[in-house]
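Notes for the one structure printed next.
The values are calculated or read from the model by the stated rules, or taken from the named source; none is laboratory data. Keep in mind that this is a model prediction, so the values were computed, not measured. Glycine gets a Cβ as well: all are built from the backbone with ideal geometry, and neighbour counts include every protein chain shown.
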Ligand code: ADP
């Protein structure tokens, strides 16, 4: 069919006659295709580092040891590739945990300023090679209700992406503020930006604008898919604004019922 609709036709007996049943199975087929793509993507992502590690190990058989000067490189590469597989498996597990079940645990106050302080410290080491100006503009009294572990991955994915996908000596501004009766988080960078045709696909699992570049930064293409699911579970959604050549802004906000504004002197829950 012209609009990719898939119909199933079945002829069945009905009151001593025959009846034709037509069923629209477009969605079923789409889901099946998504499942197949997912399995193919996971296999591909795991196979690439496995091939590298196997290659080095095969080179190292007793009769054919590579010269010692190559050992260091082999060792570093194998560790890198194993870490990549480990991070991929962890991301897959968190995606299936978040995506699968409804959230059972009750919302608890999350100390967002302390969480962002930790992310800021982690960002220092990621930013060493990039030398960006990274600014955190955080309301110290603004907490929200939710799941701390899940929210931490949503906040940090956006911050680390901005650092990774901006050319050296760029600027990244992270903001957590109370605006217009909601708590708003945004990460703005002056990186390369994203072309409009990619924007609506960024939260698909394994979707990357530039696969080679994302791999170099250790990316798996699952970060924004996880972020999207975490936000849905917190009644929020990801907004992406981007202009090619100028930069991007990723943001989300939480409605009043999720916001917890501390008074001066009141102590936050620990993260
Ligand atoms: P990855 O592990 O590849 O970073 P994500 O799901 O976090 O996966 O992001 C998906 C893709 O979105 C990235 O591969 C990259 O192409 C694009 N992207 C994400 N954040 C930015 C950004 N701040 N600037 C430009 N492109 C971005």
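Among (1) more than 8 Å from the ligand (Cβ to nearest atom); (2) under 9 Å from the mean Cα position of the chain (by Cα), where does residue 240 come up short?
(2)
Quick one: how many residues across the stretch 1-27 are assigned to a loop (DSSP other than H, G, I, E, B) and surrounded by 10 or more Cβ atoms within 10 Å (Cβ to Cβ)?
So the count comes out to 3.
Per-residue answers, yes or no, for (1) without any contact (Cβ under 8 Å) to a residue 12 or more places away in the chain; (2) closer than 17 Å to residue 216 by Cβ:
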{"position": "72", "(1), (2)": "yes, no"}
{"position": "77", "(1), (2)": "no, yes"}
{"position": "84", "(1), (2)": "no, yes"}
{"position": "88", "(1), (2)": "no, yes"}
{"position": "93", "(1), (2)": "yes, no"}
{"position": "96", "(1), (2)": "yes, no"}
{"position": "100", "(1), (2)": "yes, no"}
{"position": "110", "(1), (2)": "no, no"}
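Every residue in the stretch 213-237 that is more than 7 Å from the ligand (Cβ to nearest atom) and in a loop (DSSP other than H, G, I, E, B), please.
218, 234, 235, 236, 237, listed by residue number.
Restricting the search to the stretch 181-192, which residues are within 12 Å of the ligand (Cβ to nearest atom) and touching a strand residue (DSSP E or B) at 6+ places or on another chain (Cβ under 7 Å)?
Correct list: 186, 187, 188, 189, 190, 191.
Give me a count of the residues in the stretch 193-209 that are assigned to a loop (DSSP other than H, G, I, E, B), more than 6 Å from the ligand (Cβ to nearest atom) and either modelled with pLDDT under 90 or touching a strand residue (DSSP E or B) at 6+ places or on another chain (Cβ under 9 Å) (or both).
4
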